[in-house]
1. Once the Cβ-Cβ distance between residue 58 and residue 143 is put in as r, and R0 is 41 Å, what FRET efficiency do you end up with, to the nearest 0.05?
2. Just to compare against my own numbers: the Cα pair-distance distribution for segment 88-149, 10 Å bins, whole % per bin, please.
3. Taking a temperature of 4 °C and a viscosity of 1.567 mPa s, what whole-number D in µm²/s does Stokes-Einstein yield for the chain with Rh from Kirkwood over alpha carbon pairs?
4. Residue separation times 0.36 nm, minus the C-alpha to C-alpha distance between residue 34 and residue 48: what's the value?
5. If the label point is 7 Å along Cα→Cβ of residue 114, which residues in segment 126-149 have backbone nitrogen under 12 Å from it?
6. Identify, among 86, 115, 51, the residue whose Cα sits farthest towards the positive end of the charge dipole of the chain, taking +1 on the Cβ of Lys and Arg and -1 on the Cβ of Asp and Glu, with the dipole about the Cα centre.
7. Considering only the other residues whose Cβ falls under 10 Å of the Cβ of residue 97, what net charge follows from Lys and Arg at +1 and Asp and Glu at -1?
8. Using a basic spin-label model with each label point 7 Å from the Cα along Cα→Cβ, how many nm lie between residue 107 and residue 77?
Amino acid sequence: MTRGVCHDHDHPHTGEEPRLTPGRRAVLEILERMRRPVGAYELIELLAVPAGRRPAPTQVYRALDFLVEQGLVHRLASRNAFLACGRAHGASEPVAFLICDACGRVDEATSPALAADVAGVAASRGFSPRAQIIEIAGRCAACVTKDAA
Ligand SMILES: [Zn+2]
Ligand SMILES: [Zn+2]
């Protein structure tokens, strides 16, 4: 059955969501639940709990590649870890991560000005960006407050 056109009544539309295989969905659900960056090995251990067996690492890496490509998951190069996307934005849109060294909290931020500046920097060198991720390390607001107290 194909999805019909929009009718004149209320029902949820999920048309934009990419199709996820059970394996990919399991990876995404764990990252969404953890709400912090998770390394691939930890992810494999977490997947092994409900599955009752450890999934093949290549399978997990392939699922992560797909989710990153779709913009549902981000890779934090500085931590070699993965994080579910906290915001709705395009997969190729620039995003800044504010990574707290003290508590490990990671906040995701975007702004039109940041997007324009990053695009300008790349364009000035004739560079065609694939991923535009800025990682900012330091102390989150809660930890700054705690340190000051
Ligand atoms: Zn994101
Ligand atoms: Zn913190």
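1. Details: r = 37 Å, r/R0 = 0.91.
It comes to 0.65.
2. Reading the bins upward from 0: 21, 40, 25, 12, 2.
3. Values: Rh = 17.6 Å.
Answer from the Stokes-Einstein relation: 73 µm²/s.
4. Working it through step by step, the gained length comes to 3.5 nm.
5. 132-137
6. Farthest along the dipole direction, towards plus: 51.
7. Numbers: positive: 79; negative: 107, 108, 135.
Here the count lands on -2.
8. 2.4 nm
Readers should treat all values here as calculations from the given coordinates under stated rules, not as data from a laboratory. Since this is a predicted model, take the numbers as computed values, not measurements. With ideal geometry, Cβ positions are generated from the backbone for all residues, glycine too; neighbour counts draw on all protein chains shown.
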